[in-house]
Amino acid sequence: MKNLRTEIIKYSRMLNSKKLSALRSGNISSRYKDGFLITPSGKKYSSLKNKDIVFVPLSGKYDKRNGSPSSEWKFHQDIYINKKAAKSIVHAHSTNATAVSTHKRGIPPFHYMVAMAGGHDIRCAKYATFGTRELSKNILNALKDRKACLIANHGQIVFEENLMKAFELAEEVENLSLQYITSLKLGKPKILSLGEMKKVLSKAKNYKKG
């Protein structure tokens with residue numbers, strides 16, 4: 001558990017250093033035994049210590065004496081319950097993904113790398129107050145057959161088979177968001193066909209294997 005806590009802290013600080021989230025915004029978790037380890041509520045990532053990382057059982061009945069988990073722990077819980085492939089989750093308020101999300105729009109297949117999120121587009125979950133079950137439901141709907149989505153007026157969330165891959169996917173979503181915003185400045189971008197995206201998705205299965 002110690003190594004996993006250390007890894008969570010490492011990538012939490014990278015949210016700041018890579019400019020995916022400022023100060024204490026966003027959150028990170030990894031599946032552990034019958035629950036998950038998650039960043040705490042209200043603490044700057046730069047000050048985190050191993051003892052600050054909170055364990056939350058999948059039941060949601062955590063021991064408050066061990067600290068308070070992120071206020072958004074519920075959507076982490078619901079993703080782990082409903083997505084068996086999810087081993088780590090990164091939620092970020094990254095600038096460009098958040099900007100797109102404020103228009104309550106997702107990212108269409110303007111670029112083939114959209115497929116890295118698991119489908120032919122990246123959806124945007126409907127808005128709901130942070131930390132609520134309603135938001136969890138909206139996120140799960142947007143994550144159907146996907147590993148990433150935007151969250152309206154909020155940011156982005158991704159999951160992967162480990163924390164390194166989850167963080168890289170969050171970086172990719174942010175980069176795609178910036179590219180999409182830039183393309184819109186030139187007008188409406190040309191969109192790849194569903195047939196082409198199906199080909200890309202097939203090839204993408206081996207992409208990360210090099």
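The values are calculated or read from the model by the stated rules, or taken from the named source; none is laboratory data. Everything numeric here is computed off the predicted structure, so don't read it as measured data. Ideal geometry is used to build each Cβ from the backbone, glycine not excepted, and the neighbour counts take in all protein chains shown.
Condition check: over 20 Å from L140 (Cβ atoms), out of contact with any His (no Cβ under 8 Å at 6 or more places or on another chain) and among the basic types (K, R). Does K43 satisfy that? Against the criterion (over 20 Å from L140 (Cβ atoms), out of contact with any His (no Cβ under 8 Å at 6 or more places or on another chain) and among the basic types (K, R)), K43 qualifies. Condition check for A85 on (1) under 18 Å from Y180 (Cα atoms); (2) touching a residue at least 40 places away in the same chain (Cβ under 8 Å): one failure, at (1).
Only one of the numbered conditions (1) under 23 Å from Y45 (Cβ atoms); (2) crowded, with 16+ Cβ neighbours inside 10 Å; (3) out of contact with any Asp or Glu (no Cβ under 8 Å at 6 or more places or on another chain) is not met by N162, and that is (2). Of all residues in the range 53-75, those satisfying the criterion of being within 19 Å of the chain's Cα centre (by Cα) and small (G, A, S) are S70, S71. Picking from residues in the range 107-152 that are closer than 12 Å to E174 by Cα and small (G, A, S), the one that is surrounded by the most Cβ atoms within 10 Å (Cβ to Cβ) is A148.
Inside the range 93-117, residues that are in contact with a Lys or Arg (Cβ under 9 Å, 6 or more places away or on another chain) and either closer than 23 Å to S21 by Cα or free of Cβ contacts under 8 Å to residues at least 40 places away in the same chain (or both) make up a count of 7. Return a yes/no flag: does the range 45-54 have any residue that is over 27 Å from L178 (Cβ atoms), at pLDDT 95 or above, surrounded by fewer than 22 Cβ atoms within 10 Å (Cβ to Cβ) and β-branched (V, I, T). Within the range 45-54, not a single residue is over 27 Å from L178 (Cβ atoms), at pLDDT 95 or above, surrounded by fewer than 22 Cβ atoms within 10 Å (Cβ to Cβ) and β-branched (V, I, T). In the range 164-172, the condition of being part of a loop (DSSP other than H, G, I, E, B) and within 19 Å of F110 (Cα to Cα) is met by no residue. Does H103 satisfy being of a type outside the set (S, T, N, Q), out of contact with any helix residue (DSSP H, G or I) (no Cβ under 6 Å at 6 or more places or on another chain) and either surrounded by 15 or more Cβ atoms within 10 Å (Cβ to Cβ) or under 15 Å from L163 (Cα atoms) (or both)? When the stated conditions are applied, H103 does not pass them.
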